[in-house]
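*Asks:* One structure, pasted below without further comment.
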Amino acid sequence: MKISISASLLLYCITGAFQVTHSQSRPTFKVKAGDYPDKIIPVADQFQYPTFQKGKVLFYGGRMVEAMLNYSYLSGEVLFLKDQKDTLELLDKKMIKVVDMQGAIFYNEKQYGFCEMVSNYGDIKLAKKHLLARIGNEKGGPYGISYTASSVTTYSSYANANAPGGRKLKMDTEAIFGHRILYFFVDKNDRYMIPGKTSITRLFPKYKDQIGEYLKQNPVNFTEEEDLERLLNYSQNLNQQLK
């Protein structure tokens, strides 16, 4: 699927004329009805990297290719830059197993799409999906982000037939877009789980009581990366000590 991009966007992507901020407090963006999100939202906030990075794509079956890659927050997809540097293309997700962008590893999960690995704890992994999603409108406050497959694909529904994030918003009022990160526990069979007390005890069933006591003494925000890593580290250490 070929994607035409504007000359200004191309200049940013190729020359790296913009910088991506990684602060915890990211801005939100108002997009009026009828406007294109990818034209209103600064390019620096649309991609994970300031320039397309040389990376590797591993396909099911073992074939591997190198390409200039970047991750789009608007579409939740990995994109690659053609040699001509005048088009972007969506990778064929059905055929892709893993993408490596300068050490950032993205697994292609059937339900949630490309998710980046954050850390490993033995057989258990912590993964995340970073999205630039509609979080509200002009009148109302933000609403919660669901972890269902339909809600994740809704984020990319703002892409038109030709470009991620390009579809005009069919809304009567302006929309508010903001950065959101969804976290997942990944078990040894590569099954993705929504972080919570139920899922952490499913991952470490032998230590349900110890983990339950830990959660009482050390409250965990299951949407915060630091808290999730602390919990997984404790659980994995418990697993090793009590073997």
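*Asks:* For ARG63, ARG26, write out the residues from largest to smallest accessible area, computed with a 1.4 angstrom probe and no ligands counted.
*Replies:* Accessible-area ranking of ARG63, ARG26, largest first: ARG63, ARG26.
*Asks:* If we count every other residue with Cβ under 14 angstrom of LEU126's Cβ, Lys/Arg +1 and Asp/Glu -1, where does the sum land?
*Replies:* -4
*Asks:* Could you check the spin-label model distance between ARG191 and GLU224? Points 7 Å from the Cα along Cα→Cβ, value in nm.
*Replies:* 2.9
*Asks:* Determine the gain in length on full extension of the stretch ASP35-ASN120; use 0.36 nm per residue of separation and subtract their C-alpha separation, reporting nm with one decimal.
*Replies:* Value of the extension gain: 26.5 nm.
The values are calculated or read from the model by the stated rules, or taken from the named source; none is laboratory data. Being a predicted model, the structure only gives us computed values, none of them experimental. Every residue, glycine as well, gets a Cβ built from its backbone with ideal geometry; the counts of neighbours run over all protein chains shown. Each accessible area value is taken on the protein alone, full model and side chains, heavy atoms only, with ligands, DNA and RNA left out. Shrake-Rupley method; radii C 1.70, N 1.55, O 1.52, S 1.80 Å.
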